[in-house]
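Heads up: the structure comes next, in structure tokens.
The values are calculated or read from the model by the stated rules, or taken from the named source; none is laboratory data. These numbers come from a predicted model, not from an experiment. All Cβ positions, glycine included, derive from the backbone under ideal geometry; neighbour counts span all protein chains shown. Side chains are part of the model used for accessible areas, which takes the heavy atoms of the whole protein and leaves out ligands, DNA and RNA. Shrake-Rupley method; radii C 1.70, N 1.55, O 1.52, S 1.80 Å.
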Amino acid sequence: MRNVTETVKQLIIINILFFVGTLVIGDVAYKILALYFPENSDFQLWQPLTHMFMHGGFMHIFFNMFALYSFGSALEQMWGSKKFLFFYISCGLGAALLHTGVNYYYFQDSLNTLIGNGFEKQEILQLLNEGKIDTRWQEILSTSDFQNFTSAFMGTAVGASGAIYGIIVAFAFMFPNAELALMFIPVPIKAKYFVPGLVLVDLYLGISGKSIFGGGGIAHFAHVGGAFFGFIIMWYWKKNQFNQNRWN
């Protein structure tokens, strides 16, 4: 790859190998490596790390790796490989943390409502772990609450998007006046305006449950989590005049 730094290149290769592996192995790989809800029987301690190397389709991995290629090398050239890798992994873990935290809130809120209406917690968890539901839950919970409740427990998260959002935030920190352009926005926008706008759109879509393209399955809060942790790390490093040499 031309003009790509070593760690970025290795991350892209690893992601591609994971993607090809999932095409060969199939759903078994997702069951082991995707991120499950902590109370789901399929949850494993390594999933907050491994989920960021999994992707749900060609376009998913293409856009993530293209963004990593486009923004990551400039940061690695300035920081060095160790600091860049620390930042990348930290943002990915931060994305998993916020995504899981939001899901826990949705799940626990509806779980308490069901318990308050006479259902036993263990019976609810047992049904959910069997991939089943009690139709009476739909009579108690609103449509949106029921959907959030079941999807939080049964759904999975995959993708490097959280780490990528952290990378994009760091790029805006380092190169605020760099002009970025999207295919559907013909006018270039400075990074210091583009990136906050992008994160705010994800936050709105996550809260509202809407989608720009009419589809679902996008972990908007994982995007926001990666961006948030990226911002916090960059703010901390800038405030404390972080010594890059310690990573080399």
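In this structure, does TYR30 turn out to be crowded, with 20+ Cβ neighbours inside 10 Å and within 30 Å of ILE124 (Cβ to Cβ)?
Details: crowded, with 20+ Cβ neighbours inside 10 Å: no; within 30 Å of ILE124 (Cβ to Cβ): yes.
Considered against the rule, which asks whether it is crowded, with 20+ Cβ neighbours inside 10 Å and within 30 Å of ILE124 (Cβ to Cβ), TYR30 comes out as no.
Results for (1) over 22 Å from LEU93 (Cβ atoms); (2) at pLDDT 85 or above; (3) open to solvent by 70 Å² or more (accessible area, probe 1.4 Å), shown as yes or no for each residue.
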| residue | (1), (2), (3) |
| --- | --- |
| VAL199 | no, yes, no |
| ASP202 | no, no, no |
| ILE212 | yes, no, yes |
| ALA219 | no, no, no |
| ALA222 | no, yes, no |
| ILE233 | no, yes, no |
| ARG246 | no, no, yes |
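Which condition number does VAL28 fail, the rest of (1) in contact (Cβ under 8 Å) with a residue 24 or more places away in the chain; (2) assigned to a helix (DSSP H, G or I); (3) among the β-branched types (Val, Ile, Thr) being met?
It fails just one condition, (1).
Out of ILE89, ILE61, which single residue is touching a residue at least 40 places away in the same chain (Cβ under 8 Å) and either surrounded by fewer than 19 Cβ atoms within 10 Å (Cβ to Cβ) or out of contact with any helix residue (DSSP H, G or I) (no Cβ under 8 Å at 6 or more places or on another chain) (or both)?
Going through ILE89, ILE61 in turn, the sole match is ILE89.
Give me a count of the residues in the range 144-183 that are under 20 Å from LEU68 (Cα atoms) and loosely packed, with under 14 Cβ neighbours inside 10 Å. Quick ask: steps written out before the conclusion?
The initial filter retains those residues of the range 144-183 that are under 20 Å from LEU68 (Cα atoms), namely 157-183.
Okay, now just the ones that are also loosely packed, with under 14 Cβ neighbours inside 10 Å, so 176-177, 179, 181-183.
Residues that pass the stated criteria total 6.
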